[in-house]
1. Which one of B:Leu365, B:Val176, B:Gln444 is farthest out on the positive end of the charge dipole of the protein assembly as shown, using unit charges on Cβ (Lys, Arg +1; Asp, Glu -1) and the Cα centre as origin?
2. Taking a temperature of 37 °C and a viscosity of 0.692 mPa s, what whole-number D in µm²/s does Stokes-Einstein yield for chain A with Rh from Kirkwood over alpha carbon pairs?
3. Which chymotrypsin sites (Phe, Trp or Tyr not before Pro) from region B:28-120 combine a DSSP loop assignment with at most 13 other Cβ atoms within 10 Å?
4. Under a Cβ-only charge scheme (Lys and Arg +1, Asp and Glu -1), can you give me the dipole magnitude of region B:251-404 about the Cα centre, in debye to the nearest 20?
5. Compute the relative contact order of chain B as a whole-number percentage, counting only Cα pairs closer than 8 Å that sit 6 or more residues apart in sequence.
6. Other chains' Cβ within 10 Å of B:449-456 residues: what's the mean?
7. Between B:Glu137 and B:Thr175, what FRET efficiency follows from the Cβ-Cβ distance if R0 is 56 Å, with the result rounded to 0.05?
8. I want to check the label-to-label distance for B:Glu183 and A:Leu93. Put each point 7 Å from Cα in the C-beta direction and report it in nm to one decimal.
Amino acid sequence: MREYSSDVVVIGGGPAGLAAASSCLEAGAGRVLLVEKEAELGGILPQCIHTGFGLLELKEDLTGPEFAEVLEERALNLGAQFLMNSYASRLWLDEGGVVVECVSPRGIEVVHGKCLIYAAGCRERIPSEVGIVGDRPSGVFTAGTAQTLMDLYGLLPGERVVVVGSGDVGLIMSRRFAVEGAKVVAVVEMMKHPGGLTRNVVQCLEDYGIPLLLSHTVLEVRGKSRVKSVMVCELDENLTPIGGTEREIECDTVIVATGLLPEVGLLEKAGAEVDRSTGGPVVNEFLETSLRGVFACGNVLVVNDLVDYAVEQGRLCARSAKSLLDGTLQRPEAWRRSAAGEGVRFVVPQLFSGAEDVTFYARVKKPKRNCRLSLREVPMDIKLPIVRPAEMLRISVKRDYLSKVERLTLEVVE
Amino acid sequence: MSIRVSVVGAGVIGAAVARELSKYEDIEVHVVEREADVGWGVSKANTGIIHAGYDDDPEMYPLRAGLCRMGNELWRGIVAQLHIPALWCGSLVLAFDEQERRTLEELRERGVRNKVKGLKILDRGLCLELEPNLSDEILEGMWAPTAGVISPYEAVVALAENAVENGARLHLETTVKSICVKEGRVTGLETDNGFLRSDFVVNASGLFGDLLSKTAGVDDFSIRPRKGEYFLFDKDVSPKVDVTLFRVPKPTTKGVVVTQTADGNLLVGPNARDLSGHERDATNTTRDGLDEVWREATKMVSSLPPRHSAIRTFAGLRPEPDGGDFIIRTYDEPFGLLNCVGMRSPGLTSAPAVALKVVDMLRGLGVPLTLKAHWKASREPIVKFRELSTAEKDNLISSNPSYGKVVCSCELVTEAEVIEAIRRGAGTLDSIKFRTRAGMGRCQGSFCVPKLLALLCRETGKPVEEITLKGSGSELVKGRVGRELT
């Protein structure tokens, strides 16, 4: 058994964790030890070989691996310490702060930190979670598994593909298959609008002649050994299948790209409160969870659309960790609550003090045009030409406003 | 020359029979299985319940009634010997109205006739003490303390491994086309891998039992598949149940069950839908069927996790014999055929008792049975890293660093466990899954499938294009990226 101690422990070496580690060191928050379960840093970035990374952060359009390299070099140059191939399997609080038990080929590693930044990322929604029934053959993959197989292992998972879900992940994977000469026979989307960005609909589907079936769902997967076909049908306004519209589409592969869920298991087992609307932990404006001294950032906090937001959250965690270690982190006696109002699915952070400026992240439930993002309790009102569930809304609110309200409700109205 | 007994089908019945036969000298035991692994038919997809034995009417179904209670007792020894996950959680049959209340009393009486111990009718308050998550509507319950759950697929693996260790031979991916008969005697099996000479044939081919029997000219029963669909939830969901919960049984089924599995998952199902004889591989789930299961289950408990949070839905088929009772028969002609099929519920529970009966019947046919001096009753399990203490984990990693490489993070399965499973014959992704639980957690393999694929290639030396999910035809990848575009 090996024991380690550090001022700040970071779990997860993806963009949020790397950014948090670097920012801690830049701010002089003491020693930083980052625990990463894989042999490589970067989290999910190394398998995202498309561009679109670092637009806000670096004002450059990089691929995932390139962006990962930038973040990784920065953390290394600043002197972050790493425990690679180390999987955090247990987490608890003690008098000194936080303890993490990790499994590595070197043995069990017990890591003590004065505080912890949790950046363990997310997982993908699986077929049963989206109500797909039928057979259980080979050839049904989540988008992330397919991407790992293609971009990290160099393997082609299928040749005739149906993609379920038209979020950016589904769109990008459709193009990825098309580029390899696979036939993407359909992208099936439940809603009557595509889930992803318009530019991705154009660049990933239209440019490759891939049909997008809106208001459709995959009812059933067929095939005993390998996928042979899927049954699809149209959906009405209430997302109920319309009888008589069923048809069979032959394919050998089904890619499930229906969304991501924060991987909060370890936090939840340690007693952290979880927000059912984000799937991530409830946090205050310091991105501190209900476990004192445990901060969360990146996709485990809330599923982000842009990597830049994960980085931004990592930085905020670092500032909070620094304040905590300096003894200047001011928690109020009672937290005020943010809330999702009309048209809004969730708001993060869920708690604020009123003493600080706060950047809130939110997502809408449905796309809308020419609408307003308004804060019910304070006189802030932002005109938005278009909002979509796929795009995170980000809004900074001054403490002058926040100090005057007990509650803050974000709404998106026509 | 030793006598050769061939068992068709490596389900729980075939595996239990093979293990039982492996105790004896001078018998060459062969088990022939069409799938790429053992236990992949009826045995894989069921509730895993080891029933107490009160359900079956001893006049109508004497085999079921007698073998179930006996099987329950036998399993207790076997799960300890072979290290099969088991949970002796007891079961409650719930009554929601006066008529169901009377049925409870009938069940209890029947249980007493079947020599089931400890049956008690409990009032609502006592039932709620045993299982706080019961529906408010319940009036009474019948408590059966001897009921439990085992891991049905690990049970088959364990029985088969133990049989093989004691000399039985297992032929996977081998389909029996017919039982050959000459001059009124069984002579062997015609398979897609050639002829297997056999003096005796135990037909334990589950859903295909009647079709196989017909090839030997025996046509005295038929088997119909009865489908059951299930929801499986993660171990960490809430609320779960502590006790296995039943409705009062109907003539065709014990109804939807809400239970824990032996591994601590929440399992809900099955419904019962009769299929035609042409649908013996129709293990597809359906929206209607799952709706029906969910409706029933929500009546039984006060709350369940959200339906859409199930990590898996699946369906299994039960082989329903036309008479309702198990078919365990020998024939004057062809001599040497032993049909051991129609193992509908409580088939899993009864399996060890069925195996004893089969051996007895073979003795009756003149098979000389002399116990081996050195028969190994136990079987070492694959180490379950997740169940060890911190110090034990650390020690294990120092002896073998592969235990420090987590392959499946949802279920905390390590590379060493996967390698051990492969070494024991797991040649497909599903074989690894059912032996180690890699891929059985909340991400359902999203993260570990590529790693498992790579490990299978490395350990078996097979090209990646040949690695399958569950045997030939279920290859996982089509080749490499960067091919010439056509």
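1. Final value for the positive-end residue is B:Leu365.
2. Working: Rh = 22.4 Å.
Using the Kirkwood radius from Cα pairs, D works out to 146 µm²/s.
3. Numbers: sites: B:Trp40, B:Tyr54, B:Trp75, B:Trp88, B:Phe96; in loops: B:Trp40, B:Tyr54, B:Trp88, B:Phe96.
Answer in residue order: no site qualifies.
4. On the way: 19 positive and 18 negative charges, 76 e Å.
With only Lys, Arg, Asp and Glu charged at Cβ, the dipole is about 360 debye.
5. Numbers: 1092 pairs, mean separation 93.0, N = 486.
Dividing the mean separation by the residue count of chain B yields 19 percent.
6. Working: counts 7, 13, 2, 0, 5, 3, 0, 0.
Mean shielding count: 4.
7. On the way: r = 49 Å, r/R0 = 0.87.
Efficiency, from the Cβ-Cβ distance: 0.70.
8. It works out to 8.5 nm between the two label points.
Laboratory data are not the source of any read-out in this text; all were calculated from the coordinates shown. The model shown is predicted, which means the values in this text are computed figures rather than measured ones. Cβ coordinates were reconstructed from backbone atoms using ideal geometry, including for glycine residues, and neighbour counts include every protein chain displayed.
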